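What follows is a single structure, written as structure tokens, with notes after it.
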Amino acid sequence: MTGRKAEQPPISCAECRASLQDYLDGTMVKTESMRVFLHLRDCADCEAVHRQWQATFEALESMPELEPPADFDARVLAAVPYDSYRAMAELRAPRVPVIFAEESLPAVVRSPVTRLAGMVVAAGAGVAMGWFDGPSSLAYLVLAGLLPEAVVRLQGALRGAVLVLQRDRGRA
Amino acid sequence: MFDRHQDLKTIRRCKRGEEEAFAEILQRYRGPIYSLCFRMTRNAEDARDLAQEVFIKVFGLLDRFDEKYAFSSWLFRIATNHCIDHLRRNRLRFLSLDGVAGKDGEEYELQLPHKGPAPDTVLERRQAVQRLQEVIAELPPHYKAVTLLRHDRHLSYEEIAEILDLPLGTVKARIHRARNLIQQMLKERSYDI
Ligand SMILES: [Zn+2]
């Protein structure tokens with residue numbers, strides 16, 4: 001410990017006093033705060049100033065949290081325009097070009113029933129082709145069956161990409 | 001100190017128009033925001049009005065809240081600026097910095113304390129807080145703000161820099177300056193701190 005102390009040249013009273021706030025803030029690097037500590041140990045004048053600062057810091061840290069008056073929340077909530085906020089929700093929602101909006105696809109294509117049925121047909125046609133050596137024209141049926149699901153997913157992915165781009169632009 | 005993740009979830013519910021979610025935010029931050037407003041203005045009525053305006057303003061600005069910041073930082077930024085605007089609008093008297101503070105780098109010759117016993121009784125402690133609040137109230141608005149964010153809200157220099165959108169060095173210099181002023185004023189009024 002004494003060896004370490006010898007490495008660090010002692011600091012002057014002026015340096016010590018200039019460091020006291022940082023010292024009490026705990027923001028000094030360790031070797032520096034050690035020098036302040038050692039100076040305070042040996043210098044009664046600076047230690048006295050240090051104690052005064054300490055008292056100020058303690059007072060500052062002991063301010064209690066205050067409570068607003070009892071009707072505070074009610075007043076704020078009464079003043080907050082929820083109804084109009086909800087009414088405006090549609091306008092605030094992120095907007096995408098019409099072509100990427102879900103509604104731009106016919107409801108019959110978007111319907112889970114259509115998509116599921118399409119996949120069943122595609123699977124059936126694929127099986128017929130593969131296992132039972134059906135005509136190769138069945139490949140068109142496979143493609144047609146997969147089409148509704150593929151269209152919906154592709155549109156969803158593009159919409160997601162557009163939203164991300166818009167958000168980034170909004171932040172910039 | 002504030003749960004950033006939980007705040008974000010609540011804010012998203014607010015944005016969907018859930019009234020209860022905003023009530024939760026209010027519940028979580030009414031004390032901190034009111035305390036900040038009170039200590040900035042030193043007036044219960046002003047503090048109540050300012051804190052209310054802050055929450056109403058925040059509600060109106062929710063869509064502009066950038067989720068890459070902590071909600072609490074954003075809220076404190078709005079509250080701090082609102083109070084500073086209020087103080088300026090009302091042209092309240094502040095200490096002239098030159099008048100009290102002296103030059104930078106001055107050395108403090110503080111008279112020293114046969115340091116009395118720490119304020120033990122509840123009354124003494126309350127008086128000490130009272131005096132401190134009086135002194136803080138007289139600081140210029142920006143100095144007051146950094147002091148309160150640092151000591152009343154227990155925020156780090158980095159967080160305060162983010163909230164006030166100031167360089168770290170400026171924040172640190174202001175806090176040091178503010179504390180010098182506080183210490184000097186307490187001393188001049190011969191309050192035994
Ligand atoms: Zn010394």
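Legend: residues in the stretch B:33-53 shielded by at least 20 square angstrom of accessible surface upon adding the remaining protein chains to the isolated chain (1.4 Å probe, heavy atoms) are B:Tyr34, B:Ser35, B:Arg39, B:Arg48, B:Gln52. Cross-link pairs exceeding 25 Å in C-alpha to C-alpha distance, out of B:Lys9/B:Lys144; B:Lys9/B:Lys57; B:Lys9/B:Lys172; B:Lys15/B:Lys57; B:Lys57/B:Lys144; B:Lys15/B:Lys144, comprise B:Lys9/B:Lys144; B:Lys9/B:Lys172; B:Lys15/B:Lys144. Extension gain for the segment A:Leu105 to A:Ala123, taken as residue separation times 0.36 nm less the Cα-Cα distance, is 4.1 nm to one decimal. Each residue was assigned an accessible area with a 1.4 Å probe, and for B:His5 the value is about 120 Å². Averaged over peptide A:77-83, the number of partner chain Cβ atoms lying within 10 Å of each residue's Cβ comes to 5. One quarter of the convex hull surface built on the alpha carbon atoms of the stretch A:13-62 amounts to 3.2 nm², the projected area averaged over directions.
For the set B:Thr80, A:Thr31, the ranking by accessible area, highest first and with no ligand, DNA or RNA atoms included, is A:Thr31, B:Thr80 under a 1.4 Å probe. Ignoring ligands, DNA and RNA, what percent of the 1.4 Å accessible area of the stretch B:1-96 is carbon and sulfur? C and S fraction of accessible area: 44 percent. Using a cutoff of 8 angstrom between alpha carbon atoms and counting only pairs six or more residues apart, the relative contact order for the stretch B:115-193 works out to 31 percent. Interface size, chains A and B: roughly 4500 Å² of accessible area buried, both sides included, 1.4 Å probe, rounded to the nearest 100.
Considering only the Cα atoms of the stretch B:115-193, their convex hull presents on average a projected area of 5.6 nm². For the stretch A:105-172, the share of accessible area belonging to carbon and sulfur comes to 74 percent (1.4 Å probe, ligands and nucleic acids excluded). Normalising the Debye intensity of the stretch A:100-171 to I(0), with uniform scatterers on Cα atoms only, and taking log10 at q = 0.16, 0.20, 0.21 Å⁻¹ returns -0.64, -0.81, -0.84.
So, for the stretch A:13-62, what is the accessible surface per residue at a probe of 1.4 Å, expressed in square angstrom? Show your work: numbers first, answer last.
Details: 2420 Å² over 50 residues.
Roughly 48 Å² per residue, with all protein chains present.
Ordered from highest to lowest accessible area with the whole protein assembly present and a 1.4 Å probe, A:Arg35, A:Arg75 read as A:Arg75, A:Arg35. Between A:Gln54 and A:Ala78, the contour length at 0.36 nm per residue exceeds the alpha carbon distance by 4.2 nm.
Sparsely packed loop sites in the stretch A:37-71 (the GluC sites (Glu not before Pro) outside DSSP H, G, I, E and B with at most 12 other Cβ atoms within 10 Å) comprise A:Glu65.
First compute the accessible area of the stretch B:115-193 with a 1.4 Å probe, then give the percent of it belonging to carbon and sulfur atoms.
Values: 1770 of 3580 Å².
Carbon and sulfur together cover 50 percent of it.
Across the stretch A:13-62, Cα pairs under 8 Å and at least six residues apart give a relative contact order of 42 percent.
The values are calculated or read from the model by the stated rules, or taken from the named source; none is laboratory data. Because the structure is predicted, anything quoted here is derived from the model rather than measured. Every residue, glycine as well, gets a Cβ built from its backbone with ideal geometry; the counts of neighbours run over all protein chains shown. All accessible areas refer to the heavy atoms of the entire protein, side chains included, with ligands and DNA or RNA removed. Shrake-Rupley method; radii C 1.70, N 1.55, O 1.52, S 1.80 Å.
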